[in-house]
Amino acid sequence: MAALASLLPKPVHVSISDDEDDIVRVSQQVAESSLQSKSVVIRLAVPSYGQRNGWKPSSQEDFGLGKKKTAAGNTLALQVDSEGNVRYDAIAQQGQRAGKIIQSQFKDLVPLAHRKDLDDDARLMERPSEDEVQTTTDKTRAALEKLVNGKIKAAQPKNVPDGHGKTSFIRYTPGQQNGSGWVEAEDHQDDRSGRGSFGAPSVQA
């Protein structure tokens, strides 16, 4: 038997039991994890502008172009209430000011007098204080006065443009004559309808 084993080539696959196979597999995983933990990745910082003489980008991180790794998205996180139910009305409350009451549930349709989840204090509507009422009244009065004063000022006769402006006299000397003369100049409003532009020009003697 020994002579026959010496004549045969060495086996390629060594037969091991299931227990030994598990031990070998676990030892290989431990060795790989230790190698991964010991491996150190060295990343060179990209030099600043003006100091990139001879530098070439060699990895994907070098092409970041200064952009942020994570961009702020508008995805709304899933929210639940105290009972574990999904709050689908959270999308209606997104982007609203703090303290704003948004009625987005079925119980909001029930009148406050018939609501069973509210106590007597919650059913009472809190009235604003006298200071808040006075402040709101003053702001409203000021806004209305500003609006009314603007309308009155625009309708006053002194703000309506006059048809004839101030008259002025201009002395001039014609190029082909030796004498000088006076011209009376007067500002007037342009006719926006253009009624006098199609007829013959009026000449005054």
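Numbers at a glance
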| read-out | value |
| --- | --- |
| Tabulated pairs, segment 104-115, first over 16 Å from Gln93 (Cβ atoms), second in a helix (DSSP H, G or I) and small (Gly, Ala, Ser), C-beta under 9 angstrom, 6+ apart or interchain | Leu112/Ala122; Arg115/Ala122 |
| Candidates Lys166, Lys153, filtered to the one that is more than 30 Å from Leu112 (Cα to Cα) and at pLDDT below 80 | Lys166 |
| Complete set of residues in segment 104-123 that are loosely packed, with under 10 Cβ neighbours inside 10 Å and either assigned to a loop (DSSP other than H, G, I, E, B) or charged (D, E, K, R) (or both) | Pro111, Lys116, Asp117, Asp119, Asp120, Asp121 |
| Contacts under 8 angstrom Cβ, first residue in segment 141-166 being on the phi < 0 side of the Ramachandran plot, partner part of a helix (DSSP H, G or I) and modelled with pLDDT of 80 or more, 6 or more apart | Asn159/Lys153 |
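The values are calculated or read from the model by the stated rules, or taken from the named source; none is laboratory data. Here the structure is a predicted model, which is why all the values come from computation and not from measurement. Note that each Cβ is placed from the backbone with ideal geometry, even for glycine, and that neighbours are counted across all protein chains shown.
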